[in-house]
Structures are given as structure tokens and as C-alpha cells.
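**Q** Questions regarding the structure given below will be posed in turn.
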Amino acid sequence: MNTFQTPLDAFQYWLTKDPNFIFLRQPINREFIEYSRQDAYNQAIAMAASLHSMGLKRGDHVALLSKNCAHWFMADLAIMLGGFVSVPLYPTLDKDSINEILVHSESKAVIVGKLDDYSRQKTGVPEDIQRIGVKLYGVEEQHSWETLIKDDHSSFDPPGLNPDHLITIMYTSGTTGNPKGVMHKVSSFNLMGNTTIPTLKIPENCTYFSYLPLSHIAERIGIEIVSFYCGGRVSFPESLETFAEDLASVKPIFFIAVPRIWQKFQEKILEKFTQKKLDTLTSLPILGAIVKKKIQQKLGLNNAKLCYTGAAPIAVSLLEWYDKLGINILQGYGMTEDCILSHFNIIGSNRFGSVGRPMPGATARLSPEGEIQVKSDALMVGYYKEQAKTDEVFTEDGFIKTGDIGEYDHDGYLSITGRIKDQFKTDKGKYVTPSQIELKLSKNTDIEQVCVVGMGIAQPIALIVPSETGEAKEKQAFEDSLLQTLDEVNPTLASHEKLAKAVIMKEQWTVDNGLMTPSLKVRRPRVEAIHQEMYKSWFDREERLIYEEKNNGGD
């Protein structure tokens with residue numbers, strides 16, 4: 001494999017090798033608009049020149065507000081070519097959060113791409129920064145991307161990237177509190193680009209499907225940066241409604257999904273087959289192979305050589321379920337602060353239940369309390385304008401404190417057993433680590449989301465959001481399913497961990513209502529803030545299953 005000094009070096013290599021290779025595929029009205037490497041470069045260099053002509057200088061901060069699309073990649077390429085620092089924003093943020101980040105990051109310009117409803121977010125953009133909208137996605141702004149790239153920029157000499165310069169400020173999704181701006185140098189992205197491809201055995205000119213937020217480190221590195229380094233082709237979904245159709249048409253070779261997406265796929269498959277029927281069909285030698293292939297094709301994963309999951313815990317039972325269908329899901333582990341240069345399972349040495357072994361270039365250890373700590377040359381510079389928080393997250397000898405609790409087996413595979421901040425103490429004075437209990441409960445496909453809580457009561461309880469499968473069941477069948485799961489899980493737990501009951505939530509936890517992060521993790525602090533005052537009254541009731549509506553005057 002080739003090694004490079006910067007992401008721009010990598011892109012330039014593939015541009016020179018085959019400028020007409022289709023790099024980006026953007027669906028509009030059910031037709032793919034295709035951009036070659038040369039097309040993407042031409043638009044990016046013109047945009048970089050336009051930003052300089054507006055008065056921006058090398059090192060200035062340029063924000064990106066957009067869902068995944070071709071122009072996200074071209075805008076980020078432009079920011080790199082111009083020598084600017086990118087500030088990607090989650091496309092689901094409300095106007096207040098957008099304003100907070102744009103002001104805090106001192107962004108001088110923002111490029112606005114594909115969004116669901118920019119009119120609801122627009123007032124969050126300060127009027128004193130340059131605003132560039134992409135008309136292809138219906139965004140009308142102070143400047144038009146399409147107009148700016150038509151200007152004559154032939155005399156522009158791009159300053160490009162230096163390995164020691166800042167490349168991005170990535171704001172965390174705020175699982176445990178307010179977002180923090182993680183600063184990374186060019187060298188961090190470069191190290192990941194040069195390390196990931198040979199370690200994970202990603203083929204050259206790979207096919208990707210980009211849909212998880214590019215403002216999250218996993219998609220940014222795993223799809224965008226990797227596509228720069230190994231010459232890939234990236235396609236995007238047009239909408240949530242066309243997601244399945246678009247994925248099936250693209251047939252990616254490399255595919256990343258968070259656990260909740262894998263759960264959703266499983267639900268859709270089990271709508272077509274009962275588990276019993278699926279077990280019977282897949283156990284038959286010839287017919288089983290045909291059924292597995294059909295399911296893979298329906299998902300769009302029949303060409304997938306690499307399937308990864310991360311960002312949140314995933315049940316071993318779900319990994320095993322997919323494995324029986326011929327879909328081998330590899331688990332990885334990393335965070336924004338370590339640029340995900342941490343732990344990965346790889347083809348040929350995948351161990352279910354673990355997140356793999358340390359990546360080349362990464363050193364990891366456990367603190368005396370069992371906290372996972374990671375060190376590499378890809379660690380963040382620090383949190384932007386947050387020196388105290390930066391000092392707090394680094395050890396004296398330069399390791400990042402992840403906040404996760406883990407353990408290694410004798411072969412060096414890491415298993416994550418919980419998060420320090422998620423632990424709570426019941427009235428009995430015993431600490432409970434909820435994540436492993438939640439994973440056991442999530443084996444039940446009638447459960448969409450679960451949060452085990454217990455502050456101020458004697459035993460933990462489970463807050464449960466039903467899945468589509470669960471909601472489609474008769475009430476008695478659904479309740480029997482939950483009670484059976486409680487009866488199966490409780491004997492596997494220590495006495496102070498046993499679940500007293502389950503409370504069925506009256507609404508979904510979503511990004512829109514603030515109970516999930518944009519990377520689809522449950523925001524435990526917010527869930528607890530809303531429901532904690534009810535814990536005691538729920539706990540004191542006789543029933544083992546309680547509907548939230550009943551406590552709020554419902555049926």
C-alpha cells in the first residue's frame with residue numbers, strides 16, 4: 001500500500017492515477033448525479049479560492065452544516081485545499097445549538113448543504129459570517145456554491161496541508177453533557193488513513209455507502225478519509241424512505257452501521273420470517289445457502305466483504321444471529337479524542353463480545369479502577385478553548401482516559417463492561433453497571449431501546465421502548481415476552497443487580513426529542529432527568545410491568 005503525508009496527498013495520488021473514476025454518487029429525484037475525481041477536485045479548488053477571495057486566511061475555521069452528500073466531501077476537500085480548519089456540525093442540531101457551536105468555534109464561514117428543513121435552523125447562523133448554500137439541495141443563502149465555483153480561479157495557488165497544522169475541530173455528540181470541540185492535527189487523520197487500510201484489509205477502489213453522520217469520527221475516518229486513501233467510490237441515500245432501496249442498489253463492499261441499525265435490519269427480516277422458520281430454512285444445505293443469499297441481497301450486503309459496528313454496545317446474540325446468515329460483523333472501538341486509533345477486530349481474528357486488539361501505533365492499558373486508557377500519535381491536541389477539561393482527560397504520561405471500563409482476555413482482546421459515568425448506586429449502597437444488563441435485555445427483539453436505572457430505590461428497574469415488532473404484538477403476547485426476558489436475565493445477575501420491574505415508555509427516544517445523540521446512543525442523563533422523579537412510585541407498585549401512561553393519568 002502507498003503511504004502519504006496528508007489526506008490531500010492521498011487524494012492527489014488517485015486523482016493523477018485515474019481522474020475520470022467516479023468518486024461520488026448523489027441521488028436526486030431517484031437519479032444518481034455522478035462526480036468524477038476531477039469533477040470533485042475542480043469544484044473544491046474553486047470553492048477554496050472563493051473562500052480566500054472573501055477574506056478568509058489559512059488557519060481560519062470553516063463550518064459544515066449538512067447531511068451526508070457529495071457536497072459534504074467536496075466542501076471538506078475545499079477546506080483542506082484552502083488550508084482552513086473544518087468544523088462539522090450534526091445536521092439534526094437545532095438553531096440554538098448551531099449558534100452555540102458557530103460562536104464558540106469562531107467560524108468565519110459556513111457551507112450549508114443537504115438538510116431536512118434549513119428554515120428551522122437558519123436563524124442559528126450568525127449574520128456576521130460568510131454563508132454559502134448549495135442550491136442543488138434547495139438551500140438559498142448569502143452566496144451560492146454553484147455560482148462561486150463558476151468564477152475564474154486559475155491564478156489561485158492552494159496553500160494545502162501541513163502535517164502539524166490543525167485540520168478539524170469536531171464537536172462531540174454530547175452523550176454525557178455539553179459538546180466539546182475536539183482538535184485534531186493533519187497528522188492524526190494521516191496516521192489513521194495509512195494505518196486503517198492495511199490493518200483492516202480494505203480493498204483499493206472500494207464501494208462505500210455513506211449515511212451515518214460525517215460529523216461523527218467513525219464515518220469521517222471510516223468512509224471519507226479511507227476513501228481518500230484507497231481510492232474508493234462513495235454513494236449516499238436520498239432519504240430515509242429510500243434508504244433500503246439505495247443501499248440495495250449500491251451494494252457496498254465496506255459497510256459501517258451502529259448497533260441500532262443492525263437491530264432494525266433484524267426486525268425487517270423477522271417481519272418476513274418467524275425465527276423458527278428462519279432457523280429451519282437456513283439449516284438446510286442447499287436451500288439454506290439460497291435463503292442466506294436472498295437476505296443478503298435484500299439488505300444490499302451481498303457484496304460486503306467488511307461489515308463493522310461500533311459507537312455503542314452490541315449483544316453477542318445479535319452478532320451470532322447475523323453470522324448464521326453469512327454476515328460477519330466486526331466490532332471496533334474508538335472515540336473522537338483518539339481519532340478511533342484504538343481497538344478493532346479484523347478479518348480472520350474476530351472475537352464476538354470483544355472490540356478486538358489494539359491497532360498498530362496504539363498502546364492501551366487499564367487503570368487500577370479498570371478504566372481503558374489509550375495513547376498514540378493520533379490523540380487530539382485538546383478541547384478547543386477548554387484547557388481544564390483537556391487536562392482532566394489526559395493522564396500525566398499522555399494517555400487519554402476513555403471513561404469506559406474494560407477487561408482483556410489472555411489473547412489481548414478487549415471487552416467493554418460499562419461506562420464509569422453510567423454506574424449508579426441503589427439504596428442498598430451497591431454499585432450497578434447497567435450496560436451489560438441492557439445488552440442481555442436487548443436480545444429480545446420486542447425491545448427497541450432500554451435504559452437500566454435505580455438511583456434512590458432498592459433494586460434497578462428497566463425503562464423500555466418497544467420495537468415495531470413489539471408494538472405489533474397483542475398486548476398480552478408482548479407482556480409475556482417481556483416477563484419471560486426478565487425471568488431469563490435475573491438469574492444471571494448478582495442479587496443487587498436483579499431487575500425489580502420494567503416500565504414501558506410512552507414515546508420513542510429520538511434525536512429530535514433529545515433522548516438520543518446524533519450517533520444513535522441513548523442520552524442517559526436526559527432520560528434520567530425526565531423520569532427519575534417517578535422511580536420510587538414505579539418501584540412501590542405491585543406490578544412487574546408498568547406502562548408510563550398509567551402513571552400519568554393514561555389508560
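**Q** Here are some conditions: (1) among the charged types (D, E, K, R); (2) within 19 Å of the chain's Cα centre (by Cα); (3) under 20 Å from HIS165 (Cα atoms). ASP60 meets all but one. Which one does it not meet?
**A** (2)
**Q** Still on this structure: Hey, does the range 112-125 have a residue that's of a type in the set (Asp, Glu), crowded, with 17+ Cβ neighbours inside 10 Å and either in contact with a helix residue (DSSP H, G or I) (Cβ under 7 Å, 6 or more places away or on another chain) or not assigned by TED's automatic domain parsing to the domain that holds THR510 (or both)?
**A** At the first step, the residues of the range 112-125 found to be of a type in the set (Asp, Glu) are 116-117.
Narrowing the set further to residues that are crowded, with 17+ Cβ neighbours inside 10 Å leaves none.
No, the range 112-125 has no match at all.
**Q** Follow-up. So ILE504 passes all but one of these: (1) crowded, with 20+ Cβ neighbours inside 10 Å; (2) in contact with a helix residue (DSSP H, G or I) (Cβ under 7 Å, 6 or more places away or on another chain); (3) closer than 19 Å to GLY418 by Cα. Which condition number does it fail?
**A** For ILE504, the failing item is (3).
**Q** Separate question: Can you find a residue in the range 474-487 that is touching a His at 6+ places or on another chain (Cβ under 8 Å) and over 21 Å from GLN331 (Cα atoms)?
**A** No, the range 474-487 contains no residue that is touching a His at 6+ places or on another chain (Cβ under 8 Å) and over 21 Å from GLN331 (Cα atoms).
**Q** Continuing with this model, one more query. Among the residues in the range 109-118, are any among the hydrophobic types (A, V, I, L, M, F, W, C), part of a loop (DSSP other than H, G, I, E, B) and in contact with a Lys or Arg (Cβ under 8 Å, 6 or more places away or on another chain)?
**A** Going residue by residue through the range 109-118, those that are among the hydrophobic types (A, V, I, L, M, F, W, C) are 109-112, 115.
Now drop any that are not part of a loop (DSSP other than H, G, I, E, B), which leaves 115.
Adding the requirement that they be in contact with a Lys or Arg (Cβ under 8 Å, 6 or more places away or on another chain) leaves 115.
Scanning the range 109-118, I find at least one residue that is among the hydrophobic types (A, V, I, L, M, F, W, C), part of a loop (DSSP other than H, G, I, E, B) and in contact with a Lys or Arg (Cβ under 8 Å, 6 or more places away or on another chain), so the answer is yes.
**Q** Could you check, for the range 508-519, whether at least one of its residues is in a helix (DSSP H, G or I) and surrounded by 13 or more Cβ atoms within 10 Å (Cβ to Cβ)?
**A** Within the range 508-519, none of the residues are in a helix (DSSP H, G or I) and surrounded by 13 or more Cβ atoms within 10 Å (Cβ to Cβ).
**Q** Of the numbered conditions (1) touching a Phe, Trp or Tyr at 6+ places or on another chain (Cβ under 8 Å); (2) over 16 Å from VAL134 (Cβ atoms), SER66 fails exactly one; give the number of that condition.
**A** With (1) touching a Phe, Trp or Tyr at 6+ places or on another chain (Cβ under 8 Å); (2) over 16 Å from VAL134 (Cβ atoms) applied to SER66, the lone miss is (2).
**Q** Against the definition (in the same structural domain as VAL139 (by TED's automatic domain parsing), modelled with pLDDT of 95 or more, part of a helix (DSSP H, G or I) and small (Gly, Ala, Ser)), how does ALA63 come out, yes or no?
**A** No: the conditions fail for ALA63.
**Q** Just to be sure I understand, how many residues within the range 495-532 are touching a residue at least 12 places away in the same chain (Cβ under 8 Å), more than 22 Å from GLU471 (Cβ to Cβ) and of a type in the set (A, V, I, L, M, F, W, C)?
**A** The qualifying residues number 1.
**Q** A further question on this structure: For the range 352-410, which residues satisfy the criterion of being in contact with a helix residue (DSSP H, G or I) (Cβ under 8 Å, 6 or more places away or on another chain) and exposed (fewer than 15 other Cβ atoms within 10 Å of the Cβ)?
**A** Listed by number, the residues that qualify are PRO360, GLU369, ASP377, LYS385.
The values are calculated or read from the model by the stated rules, or taken from the named source; none is laboratory data. Since the model is a prediction, treat every value here as computed from it, not as a measurement. Cβ coordinates were reconstructed from backbone atoms using ideal geometry, including for glycine residues, and neighbour counts include every protein chain displayed.
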